[in-house]
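The values are calculated or read from the model by the stated rules, or taken from the named source; none is laboratory data. The structure displayed is predicted, hence computed values, not measured ones. Virtual Cβ from ideal backbone geometry, glycine too; neighbours counted across all protein chains shown. Ligands, DNA and RNA are stripped out before the accessible areas are found, and what is left, the full protein with its side chains, is counted by its heavy atoms. Shrake-Rupley method; radii C 1.70, N 1.55, O 1.52, S 1.80 Å.
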Amino acid sequence: MKTHYNYGTLFRTAQIMKADFIFVIGKRFTRQPSDTMKSWRHIPTFEFKDIEDFNNHRPYGCRLVGIELLDSATPIKEYEHPKQAAYLLGAEDQGLTKRAIELCNDIVYLPGERSMNVSVAGSIVLYDRLMKAG
């Protein structure tokens with residue numbers, strides 16, 4: 001993520017939207033003032049050295065869903081969320097790496113022609129998942 005405040009906000013949303021775990025790749029986790037609920041106390045929180053480290057420790061059967069503006073991506077309004085999924089969001093200015101995209105089982109895009117703030121994008125994905133689950 002471009003700034004640490006983004007993941008504090010996203011992790012707080014993850015707790016509200018009933019996520020099972022949260023994680024960061026390539027950065028050490030640090031507590032953020034924007035995570036006013038201290039989500040790391042309530043949801044298992046993981047940190048991974050890089051995308052390969054994450055992929056080697058991904059839960060069995062857990063689909064990796066990349067959120068990225070790609071022509072080949074599925075629009076979120078048409079996407080059926082799998083029972084087990086980890087959602088991967090890149091930094092606002094660089095997006096997901098080529099290797100991260102290769103490892104994804106699915107790529108989903110959000111409406112709009114430009115990259116949005118990562119905490120906003122993640123919140124939209126979590127809300128969509130929760131609403132479609134009923």
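Values computed for the structure shown
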{"quantity": "Residue match in segment 96-104 (condition: basic (Lys, Arg) and more than 19 Å from residue 26 (Cβ to Cβ))", "calculated": "no"}
{"quantity": "Segment 86-134, subset touching a residue at least 60 places away in the same chain (Cβ under 8 Å) and charged (D, E, K, R), residue most open to solvent (accessible area, probe 1.4 Å)", "calculated": "93"}
{"quantity": "Within segment 40-58, considering residues that are under 15 Å from the mean Cα position of the chain (by Cα) and modelled with pLDDT under 90, the one least open to solvent (accessible area, probe 1.4 Å)", "calculated": "43"}
{"quantity": "Residue match in segment 32-39 (condition: at pLDDT below 85, in contact with a His (Cβ under 6 Å, 6 or more places away or on another chain) and of a type outside the set (D, E, K, R))", "calculated": "yes"}
